[in-house]
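Visitor: Encoded as structure tokens, here's the structure I'll be asking about.
Nothing in this text is a laboratory measurement; each read-out follows from the coordinates by a stated rule. Remember, predicted model here, so these are calculated numbers, not experimental data. Every residue, glycine among them, receives a Cβ derived from its backbone with ideal geometry; neighbour counts consider all protein chains shown.
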Amino acid sequence: MELRLLSWGPMKLVLIPALAAFTLLGQSVTPVSDSGLQDQSSDLNVNSRYIIESIHFVDQRQYKLSTSALDEISRLVGAKVSSEALDRLALRIRAELRAHDVTFKLTRGAQPEAVRVLIQVDRAGGSFDASVPNLSYNSTLGFTGTGQLTSTIGANAFTLRALHDGDTLIERFSGIQAKYERVGLAHGRISLGFEFDGYQDQYSNSTIAALANSSQTSSLGAGAYGSRLNYEPSATFVLAAPLTLTVGLSFEQLNNLPSAARSESANAVINTLRYHRRWTESGDSTQELDAGYSLRAATTALGTDLAYTRHMAHLKYNYSSRTQSVEVTMLAGAIYGQAPLFERFALGDSTLLRGWNKYDLDPLGGNRLAYGSVTYGYHIMRVFYDTGSVWDQGKSPEAKDSAGIGVSSGLGVLEKGAFLVALAFPLRQGHVTPVLIAGMNF
Amino acid sequence: MTVRASLHSALLNRARKQGSLALLLSLQLAAMTVSSTGLLPRHVAGDLHVNAPNLHFLTGKSLSRLHDGAAVPFDFQLIIASGSKDNVVARSLERFTVSYDVWEEKFSVVRVRDFRRSGMRLSASSAESWCLDNIVIPTAGLPAGQQLWARLEIRSAESKEPLATTSGINLATLIEIFSRPSRPQQDRWSVESAPFQLSDLKPQ
């Protein structure tokens, strides 16, 4: 039997005699002699016999968590309830989100003997966060970056972004995105949002030259606009977690056009069906599947000047073990009608068909897209192979290939999103011109 | 810091200087809210048991945490005083961990220092009674023929609050828990008996 005193300093003066007095008085606390005794409150939970069916946030928000935190969540799903493990996870999420408090609750699962874990993030009446969601450099295309301010007050989330993007579209654009989101409606199954975007646009010389040749732009709905504004109300429904459907409207206004009209509108109905799941089958391996289909239909019913439909499907699968990883990405898209430049597909940037210059492939983009990519990782080393094509309807697609090598990892403050430094090589006859790509969260 | 906490701190320093256990205990007694005469002592097979028919601690925040599937520890302290309420002659300390089965909607209780002692599939009132049934004081050490007072204190605890070690239950921690003011987020209850003598209690 051992009575352990903590380091209380002067308190011992009082408690040591107290303990002695209790012992003399034959007090009834009898420390057990079981040497294996632990404070096993976690195991004393009657719910520890149940299997965790799923772990979600109560408000259904997509919180930005580190890869290792997501791994921890994946590991807990399928395991028996452990209050200790859930407490540890709550502490971790609290630290990463800088929340006032993070708690969890258990509810009955869909299957007997299974429970759902709902994580409640308490922002203590509001929170404010500043971050850099992405930052990248491409030796051909230059810098792209986004700065973000977020504020959450109860179930209301406000996001303000300032961005400069020369990577993802044919145009280079700079501007702001402001979004309000009301989450947690209908027991967390519905969220409503409204986004306003305002951009200034610039074009490469090759794009301007191509625009001058109108015969090449028969499927292009507008010329080189100098700025554009977007007003976008939307609603997201959790159909069957993690399957979500987003529906909304996009009222896009293209200004400073070279034509007499000076401005045109591209007002569209938007729909996005998305499935995103991450899971762990064994203690060391994690799989992640992100698949989705989006449709943007600009119809005259919305008073649009440009009528078109844009279909886009994506599939991304990642398998990661302790030392190795494989990631497969596939994209397919088609546009019917006359879509403006920002809707057209492009390959040859920092994430798609790396190593190629998108302006060399097609300075106006295309209305058809097919793309695939495989990345293999061993520890922090990465090698990748990309292949794909953008083309216009009625023309023959011409597949382009590229390969690259680099390092990628999540370290310290960057753990929430891995950084990548890579050299990418377009595979073409004659010569090889490497492109340096570096950045984080892209 | 509240006025009560300030008073507590000042008196605690004085108690340290004088090394006076009695002062410390009287300080603790003074700092607590007491509902009197709600505790009924019983004499069962050489042990002093207590009943508290009007005391319900599976309520409020603790009950909400339980319904959310968390395991909630409760620290119990049963004190017997003799001659005067300040003269503590025996005490018993226990931690019980209560949880609520989200499927069966029943409570479960485990005595932390002896996992084999547990109550399963209980209603809320049965779980409360189970805890009281499992905190006792042997009557052998109690003075006969003197007026006694029984006092029961209960505090909800954080499940992360360490209580036991690989080498045994940490009695000092339990004493320390009851020596300090409760935190705002802690639920606490206190009830005491009317004065009684051992001879008044009919052995059951």
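Visitor: Report relative contact order for the range B:42-134 in percent, whole number only (criteria: Cα-Cα under 8 Å, sequence separation at least 6). The partial results should precede the final answer.
Guide: Numbers: 140 pairs, mean separation 21.7, N = 93.
Relative contact order here is 23 percent.
Visitor: If you wrap the range A:234-309's Cα atoms in a convex hull and average its projection over all directions, what's the area in nm²? Mind dumping the intermediate values first?
Guide: Working: hull surface 29.4 nm².
The orientation-averaged projected area of the Cα hull of the range A:234-309 comes to 7.4 nm².
Visitor: Still on this structure: Would you mind ranking B:103, A:356, B:130 by Cβ crowding within 10 Å, fewest neighbours first? Could you put the intermediate results ahead of the total?
Guide: Values: B:103 17, A:356 25, B:130 20.
Final ranking by Cβ density, sparse to dense: B:103, B:130, A:356.
Visitor: Can I ask one more? Compute the separation of the alpha-carbon centres of the range A:240-268 and the range B:70-137 and state it in Å as a whole number.
Guide: Rounded to whole Å, the Cα centres lie 64 Å apart.
Visitor: Got a sec to turn the phi values of the range B:42-47 into Karplus ³J(HN,Hα) couplings, 6.51 cos²θ - 1.76 cosθ + 1.60 with θ = phi - 60°, whole Hz, x for Gly and Pro?
Guide: Calculated HN-Hα couplings, in order: 9, 10, 10, 6, x, 10 Hz.
Visitor: What do you get for Rg/Rh of the range A:324-441 when both radii come from the Cα atoms and Rh is the Kirkwood radius? Intermediate results must be reported in sequence, preceding the final value.
Guide: Details: Rg = 15.3 Å, Rh = 15.1 Å.
We get a ratio of 1.01 for the range A:324-441.
Visitor: What does the convex hull of the alpha-carbon atoms of the range A:258-417 project to on average, in nm²?
Guide: Values: hull surface 48.5 nm².
Averaging across all directions leaves 12.1 nm² for the Cα convex hull.
Visitor: Exposure proxy check: A:137, A:376, A:359 ranked by fewest other beta carbons within 10 Å?
Guide: Going from least to most buried by this count: A:376, A:137, A:359.
Visitor: Order the peptides A:377-383, B:188-194, A:188-194 from the highest to the lowest mean number of other Cβ atoms within 10 Å of their residues. It would help to have the intermediate numbers written out before the result.
Guide: On the way: A:377-383: 15.3, B:188-194: 18.7, A:188-194: 16.9.
Output ranking for A:377-383, B:188-194, A:188-194: B:188-194, A:188-194, A:377-383.
Visitor: A further question follows. From Cα pairs below 8 angstrom and at least 6 apart in sequence, can you work out the relative contact order of the range A:147-261, rounded to a whole percent? All intermediate terms of the calculation are to be shown ahead of the outcome.
Guide: Numbers: 219 pairs, mean separation 22.2, N = 115.
That works out to 19 percent.
Visitor: For B:91-103, what's the mean count of beta carbons from other chains sitting within 10 Å of each residue's beta carbon? The partial results should precede the final answer.
Guide: Numbers: counts 7, 5, 4, 2, 2, 1, 9, 3, 7, 4, 6, 11, 12.
Per-residue shielding by partner chains comes out at 6.
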